[in-house]
Amino acid sequence: MTASGQGSGFFEIIENHMKPIQVGLLGIGTVGSGTYKVLLRNQEEIKRRAGRGIEITMVADLDVERARGLVGPDVAVVGNAREVIANPDIDIVIELIGGYGVARTLVLEAIASGKHVVTANKALLAVHGTEIFAAASARGVMVAFEAAVAGGIPIIKALREGLTANRIEWIAGIINGTTNFILSEMRDKGLDFDVVLKEARRLGYAEADPTFDIEGVDAAHKATIMSAIAFGIPVQFDKAHVEGITQLSSTDIRYAEQLGYRIKLLGITKRTERGVELRVHPCLVPAKRLIANVEGAMNAVLVQGDAVGSTLYYGKGAGSEPTASAVVADLVDITRLHTADPLNRVPHLAFQPDAMSDLPVLPMTEVRTSYYLRLRVADQAGVLSQVTGLLAEAGISIDAVLQREADEVGGEGATSTDLIILTHETREGTMNEVMARMQSLPSVLAPITRIRKEELN
Ligand code: HSE
């Protein structure tokens, strides 16, 4: 049958699919304004890729006047996000409000209204992802979130599609730019954490309240999302082990350097026979690894697949246009796929919702890794053998020992010194027990510093 035999409904459908897809933006801050600019600047190329135009036609922001100044006269600007969700012409809602509160309600309302959603909100997905993806699947809409992990680096696409042939073994990422900047400055300039944090704030890297960054929470949100996609498990932020960099001293960065390591805040997720490791903490990484040389506010994610081996993704993890790059890529994906049968789209978490794994997330005591220990000890005969004796009793093998001259550490006449031990791999629970015993030795004079170590090979 020819097109003319199809009746006017057919032409209506074709015409609708040639019209630009209409996008409503909730929150026009740094990423929102970048998204608007990138869409406008690259509209011709984006249209050639997507098959039709993509236009932001409505923006909601609490600061309506400021928002008006950022967009063209044809864009409707409102103060109430629900007006965007209620607009039947809007096909896709971009949520750039952030946080777990109102953003969750609005995303769920947008889904219920049959809108596709693009979000950069890692906190929301790491905590409420299961609810949000279930609602989206039930309503037959897409929730796209490339910008939620590592900003402009297309790591979600890589894990979910590019590496789909692989059994993913582990992922280790520098996925928080603020903390990587702080650690880089501490190492380069020998400065302490507090001093560099102030500098990071002055340069605008750290948020006014940088707690989520420096305490490892932001990185844990991102690691949680990656663990779900890599292993086909639900998002389980509550099971993640989260440690930030606030306790890290430049002394340890210096000792690590002397032993051939850099200290990075890593988000790690690993498949083991007993379950999935999901953890964020400072980590010694061999200085010769590419990822150890990722400096400043940059991000990088190392993924180990059984077929491909190691792959490394590097780029800007934050910022206006780098994050907008990911948001716009999601808009193009949705534009290409929104007419496809929902069952044939790429599943939100890479695995079909009815084929998720119940592999548990392991408690930190069951994680296996190696360690850097720094002990402030009395500079006396027999101390080293007491300490190493406790490790030997627990079956923990030593990789390297570094002991400084007492006067090098504490000045002339000092009677205590630093003893640094690198261990081979052991169970964290075993290490906790050994550390408690070490700590109670009279010759151990201060709280022991423990930093985990990953060879990443
Ligand atoms: N605050 C984050 C960072 C960017 O420093 O990497 C957004 O997740």
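The values are calculated or read from the model by the stated rules, or taken from the named source; none is laboratory data. Computed from a predicted structure; not experimentally measured. Because the Cβ atoms are built from the backbone with ideal geometry, glycine has one as well, and the counts that use them run over all protein chains shown.
Quick check on the range 217-232. Is at least one of its residues touching a helix residue (DSSP H, G or I) at 6+ places or on another chain (Cβ under 9 Å), polar (S, T, N, Q) and within 16 Å of the ligand (Cβ to nearest atom)?
The answer is yes; a qualifying residue exists.
Quick one: how many residues across the range 159-175 are out of contact with any Ser or Thr (no Cβ under 8 Å at 6 or more places or on another chain) and farther than 11 Å from Val301 by Cα?
Here the count works out to 9.
With the range 342-455 as the region, which helices (runs of 4 or more DSSP H) entirely inside it contain at least 1 residues that are surrounded by fewer than 14 Cβ atoms within 10 Å (Cβ to Cβ) and in contact (Cβ under 8 Å) with a residue 60 or more places away in the chain?
It comes to 428-439.
Given the conditions (1) touching a residue at least 60 places away in the same chain (Cβ under 8 Å); (2) more than 12 Å from the ligand (Cβ to nearest atom), report the number of the one that Val242 does not fulfil.
Just one mismatch for Val242, condition (1).
Quick check on the range 46-58. Is at least one of its residues over 25 Å from Gly152 (Cα atoms), out of contact with any Gly (no Cβ under 7 Å at 6 or more places or on another chain) and free of Cβ contacts under 8 Å to residues at least 60 places away in the same chain?
No.
Would you point out which residue out of Ile171, Ile156, Ile175, Ile182 is surrounded by 21 or more Cβ atoms within 10 Å (Cβ to Cβ) and away from the ligand (no atom under 16 Å from the Cβ)?
One residue alone meets the criteria, Ile171.
What's the number of the condition Ala297 fails, among (1) buried (at least 17 other Cβ atoms within 10 Å of the Cβ); (2) more than 26 Å from Pro210 (Cα to Cα); (3) in contact with a helix residue (DSSP H, G or I) (Cβ under 7 Å, 6 or more places away or on another chain)?
(2)
Quick grid of which residues meet (1) assigned by TED's automatic domain parsing to the domain that holds Ala240; (2) more than 19 Å from Thr269 (Cβ to Cβ); (3) of a type in the set (Val, Ile, Thr):
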site	(1), (2), (3)
Thr178	yes, yes, yes
Ile182	yes, yes, yes
Glu185	yes, yes, no
Leu191	yes, yes, no
Asp194	yes, yes, no
Lys198	yes, yes, no
Tyr205	yes, yes, no
Glu215	yes, no, no
Ala220	yes, no, no
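Say we look at the range 114-135 and pick out the residues that are among the aliphatic types (A, V, I, L, M) and surrounded by 23 or more Cβ atoms within 10 Å (Cβ to Cβ); which of these is nearest to the ligand (Cβ to nearest atom)?
Ala120
Contact list please: Cβ distance under 9 Å, first residue in the range 203-217 and within 15 Å of Gln247 (Cβ to Cβ), second residue among the acidic types (Asp, Glu) and more than 7 Å from the ligand (Cβ to nearest atom), pairs at least six apart or on different chains.
Glu215/Glu243; Gly216/Glu243
What number of residues in the range 207-238 are surrounded by fewer than 24 Cβ atoms within 10 Å (Cβ to Cβ) and small (Gly, Ala, Ser)?
Qualifying residue count, the range 207-238: 2.
Filtering the range 255-271 down to residues that are not charged (D, E, K, R) and not in a strand (DSSP E or B), which residue is surrounded by the fewest Cβ atoms within 10 Å (Cβ to Cβ)?
Taking the candidates together, the pick is Gln258.
Among the numbered criteria (1) among the hydroxyl-bearing types (Ser, Thr, Tyr); (2) assigned to a strand (DSSP E or B); (3) not assigned by TED's automatic domain parsing to the domain that holds Ile171, which one does Thr311 miss?
Here Thr311 meets the rest and fails (3).
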